[in-house]
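Notes to accompany the following structure.
The values are calculated or read from the model by the stated rules, or taken from the named source; none is laboratory data. Computed from a predicted model, the values in this text were never measured in an experiment. Methodologically, a virtual Cβ is constructed for each residue, glycine included, from the backbone with ideal geometry; neighbour enumeration extends over all protein chains shown.
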Amino acid sequence: MEFTTSSKTILAIWPANPHASEAFKLDHNKAFIARSSEEPRRRKKRAQRDTTPKYDTPAQEQILLRTDVYPRDLTKGWCFGSNSSRCDVLLDRDNSRGVSGVHFEINHNWKSFAVLITNRSRNALEMFLPNQDRDQIQEGETRALLKAPCIIPLNVGLLRLMLEVPERKDSAAYDQNLREYYEKAITALPLLGQLDVQQRSNYTPAVKNHRYMEEKQLGRGSHAMVFSAIDGSTGDIVAIKYFYDSVPKENIAREVQILKRLNHVRAPLDPLDLPSLTI
């Protein structure tokens with residue numbers, strides 16, 4: 001099966017175990033349900049780590065988060081949990097399966113338009129990002145999802161979900177739909193226009209060196225290369241500067257000190273592994 005390709009689909013969510021399949025069938029979720037006879041591509045060699053969930057049963061329902069179906073609270077995005085009066089998507093009728101009243105939210109960083117997932121529960125979310133170890137998302141922490149098409153397993157209590165970042169065959173149409181969604185959201189709820197969309201979420205050191213997701217090269221010189229990237233813990237746009245191994249560490253430290261004096265550079269600078277430093 002090909003990845004979801006609709007230019008209005010922000011994220012597709014599939015059930016990966018019976019608990020999730022049962023939750024998707026709740027009447028509360030009808031507005032977001034689409035049906036399919038197939039499941040997303042997840043058939044790879046089982047050389048992967050044992051903690052990666054298996055998906056042996058074809059999914060019949062998927063939840064689609066779309067630019068033309070609004071969440072009830074535009075400032076929070078789509079809420080998932082067991083409280084029907086507060087959540088857009090109901091994952092259980094109570095918390096017997098480890099699902100909190102409002103367990104997590106899916107929203108956007110409106111500066112980079114990256115999709116964010118924020119844990120609102122005392123129970124950690126377990127996410128399995130491609131090529132990374134299991135990521136425990138604690139209460140109040142945020143992660144930015146990859147923009148490239150991929151399947152991201154997510155454990156919510158006893159439920160196992162697959163978050164599908166769709167393929168953007170017409171990225172211009174998707175970007176336009178997303179911007180229209182944003183503009184309509186501001187019009188529908190003036191409070192959203194008063195929010196500081198550049199505000200950073202909680203710093204998440206657990207992401208380690210995988211925290212930044214590179215997008216494209218901005219330039220290169222005799223001493224370093226610079227890339228634009230997305231901060232995986234906030235969705236903010238950042239620049240990453242990679243110094244060549246031949247550059248003395250003393251020169252790098254001197255440049256960092258100069259950059260710290262500039263008003264337009266966020267301080268403190270975030271060093272990765274010397275001789276590479278984030279600017």
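Return the pair list, or none, for Cβ contacts closer than 7 Å from residues in the range 237-261 that are in contact (Cβ under 8 Å) with a residue 60 or more places away in the chain and in the same structural domain as Phe227 (by TED's automatic domain parsing) to residues that are among the small types (Gly, Ala, Ser) and part of a strand (DSSP E or B), at least 6 apart or on different chains.
That search, which allows pairs on different chains as well, returns Ile237/Ser228.
Across the range 108-131, what is the total count of residues that are within 15 Å of Asp231 (Cβ to Cβ) and not charged (D, E, K, R)?
Residues of the range 108-131 that are within 15 Å of Asp231 (Cβ to Cβ), as a first pass: 108-118, 129.
Checking which are not charged (D, E, K, R) leaves us with 108-110, 112-118, 129.
Number satisfying all stated conditions: 11.
Among the residues of the range 175-187, is there at least one that is more than 20 Å from Glu215 (Cα to Cα), in contact with a Leu (Cβ under 8 Å, 6 or more places away or on another chain) and surrounded by fewer than 21 Cβ atoms within 10 Å (Cβ to Cβ)?
So far as the range 175-187 goes, yes, one or more of its residues are more than 20 Å from Glu215 (Cα to Cα), in contact with a Leu (Cβ under 8 Å, 6 or more places away or on another chain) and surrounded by fewer than 21 Cβ atoms within 10 Å (Cβ to Cβ).
Can you pull out every residue in the range 92-139 that is of a type in the set (Gly, Ala, Ser) and either within 25 Å of Lys25 (Cβ to Cβ) or in contact (Cβ under 8 Å) with a residue 40 or more places away in the chain (or both)? Quick ask: steps written out before the conclusion?
Our first condition is that a residue be of a type in the set (Gly, Ala, Ser); within the range 92-139, this holds for 96, 98, 100-101, 112, 114, 121, 124.
Scanning the range 92-139 gives Ser96, Gly98, Ser100, Gly101, Ser112, Ala114, Ser121.
Just checking, which of Ser201, Ser246, Ser222, Ser228 is among the small types (Gly, Ala, Ser), within 26 Å of Asn119 (Cα to Cα) and either surrounded by 16 or more Cβ atoms within 10 Å (Cβ to Cβ) or at pLDDT 75 or above (or both)?
Working: Ser246 fails: within 26 Å of Asn119 (Cα to Cα); Ser222 fails: within 26 Å of Asn119 (Cα to Cα); Ser228 fails: within 26 Å of Asn119 (Cα to Cα).
Sole residue among the options that is among the small types (Gly, Ala, Ser), within 26 Å of Asn119 (Cα to Cα) and either surrounded by 16 or more Cβ atoms within 10 Å (Cβ to Cβ) or at pLDDT 75 or above (or both): Ser201.
Would you point out which residue out of Ser100, Ser82, Ser96, Ser112 is in the same structural domain as Ala185 (by TED's automatic domain parsing), modelled with pLDDT under 95 and over 26 Å from Lys147 (Cβ atoms)?
Values: Ser100 fails: modelled with pLDDT under 95; Ser82 fails: modelled with pLDDT under 95; Ser112 fails: over 26 Å from Lys147 (Cβ atoms).
Just a single option satisfies the conditions, and that option is Ser96.
Which of the residues that make up the range 127-180 are touching a Gly at 6+ places or on another chain (Cβ under 7 Å) and closer than 17 Å to Asn107 by Cα? Write out each step before concluding.
Applying the first criterion (touching a Gly at 6+ places or on another chain (Cβ under 7 Å)) to the range 127-180 yields 143-144, 157-158.
Selection gives Arg143, Ala144.
For the range 143-155, name all the residues that are more than 18 Å from Gly101 (Cα to Cα) and not hydrophobic (A, V, I, L, M, F, W, C). Spell out the reasoning first.
First pass over the range 143-155, keeping only residues more than 18 Å from Gly101 (Cα to Cα): 143-153.
Residues satisfying the conditions are Arg143, Lys147, Pro149, Pro153.
Only residues in the range 11-37 that are over 18 Å from Leu163 (Cβ atoms) count as the first member; pair them with residues that are among the hydroxyl-bearing types (Ser, Thr, Tyr), Cβ under 6 angstrom, at least 6 apart or cross-chain, and list the lot.
His28/Ser84
Tell me, yes or no, whether the range 182-193 has at least one residue that is in a loop (DSSP other than H, G, I, E, B), at pLDDT below 80 and of a type in the set (S, T, N, Q). If you could, list the steps in order and put the result at the bottom.
Quick first cut of the range 182-193, residues in a loop (DSSP other than H, G, I, E, B) only: 189.
Among the residues that remain, those that are also at pLDDT below 80 are: 189.
Imposing the further condition that a residue be of a type in the set (S, T, N, Q) reduces the set to none.
The answer is no; no qualifying residue exists.
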